[in-house]
Amino acid sequence: MKRSKGKTRITTIILSVILAVCLLGFLSVYIIYPKYMHNYLIKQDYQVYGGMTEDLKDSELFEDLNSGKTVCFIGDSITYGTEAFGIHWYEPLIPYINGEIINMSYGGWTVSDLLKRSGKIPEADVYVIAIGINDVIHPDSQKAAKNPEEFIEGINTLDKKISSLSPVSKSYYISPWALPGWNQEFNNRRSLYGKALEQWCDKAGRTCIDPEPVIMQVMTEKGSDVFTKDGLHPNAENGVSLYSYAVLTAAHNQSVSPK
């Protein structure tokens, strides 16, 4: 009987140790390490890819960012910085933003997720909205827009809510992000959603910015692994620099192109 109790005690101790090790591993992987990396990376000096130039500053978007107005960035994991330890795609632009910066984003969000949370959208002077890539890559998800028409319907509703909240604000819509590591089917789908957004912006008097061509060009030359580890999310080391550069380049090209 004593031997049985002894074995039970030893088993309990072993299981407790295993549980403690597993818990420590979980905390290390999902909480301690990400927190450490964020605290380390947030202190780094992030530059626009290739360095800031006068051409990159030559756009309505940059002027609005630089004006001292309140800027609200809305989006999904790329705006949130999910795979970059909390480093946002616009991190290299922060030194040029003279007003308050607000971030409303979360990993996995679709346009329908934003609509469900539209009551929490803050007032701002400028909105930079980058949503849609999860609608593109998760066509079977119940919350994803199944086609470009449904996506634009959601964008239109979202835009009305923002206009009602901040009537004199200005909104910039960024086309669904590039998919360098994905097959042609998803890239074609991305193009359809991006084209639909561009057409809607033209009719609605909004500004549509498509950074995808610039991102794809640079990644084709340098390799996508330099900028992203999964073919979608920009990394903190090089990816956010490229994505911010691509947005400014697209904004500049749009400002100097014939209407």
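Take the Cα of Ile102, go 7 Å toward its beta carbon, and the backbone nitrogen atoms of segment 53-90 under 15 Å from that spot belong to 69-75.
Along the axis of the charge dipole computed for segment 131-259 (Cβ charges of +1 for Lys and Arg, -1 for Asp and Glu, origin at the Cα centre), the listed residues His233, Ser171, Gln217 are led at the positive end by Ser171.
Over 23 Å between C-alpha atoms is what I'm after, so list which of Lys69/Lys161; Lys57/Lys116; Lys120/Lys146; Lys143/Lys229; Lys120/Lys203; Lys170/Lys195 land there. Correct reply: Lys57/Lys116; Lys120/Lys146; Lys143/Lys229; Lys120/Lys203. Stretching Lys57 away from Asn253 to a fully extended chain increases their span by 69.4 nm, per 0.36 nm per residue minus the current alpha-carbon distance. Quote the charge dipole size of segment 129-187 about the Cα centre in Debye, to the nearest 20; the model charges only the Cβ of Lys and Arg (+1) and of Asp and Glu (-1). In debye, rounded to 20, segment 129-187 gives about 320. Full extension of the chain segment joining Asn238 with Met216 gains 6.5 nm, where the gain is 0.36 nm per residue of separation less the Cα-Cα distance.
Placing a pseudo-label 7 Å from each Cα along the Cα-to-Cβ vector at Ser118 and Ser169 gives an inter-label distance of 1.2 nm. Normalise the Debye intensity by I(0) for segment 47-256, one equal point scatterer per Cα, no solvent, then take log10 at q = 0.14, 0.15 Å⁻¹ and round to two decimals. For segment 47-256, the Cα-only Debye profile gives -0.78, -0.91.
By DSSP, the beta bridges lying fully in segment 47-256 are antiparallel in about 5 percent of cases. With the cut-off at under 17 Å, measuring from each backbone N in segment 75-100 to a point 7 Å along the Cα-to-Cβ line of Asp230 picks out 75-89. For GluC sites (Glu not before Pro), the sites in segment 123-169 that DSSP calls loop and that have at most 12 other Cβ atoms within 10 Å are Glu123.
Read the figures in this text as sums done on the coordinates, not as results from a lab. On a predicted model such as this, the values are computed, not experimentally measured, just so you know. Note that we place each Cβ from the backbone using ideal geometry, even for glycine, and neighbour counts take in every protein chain shown.
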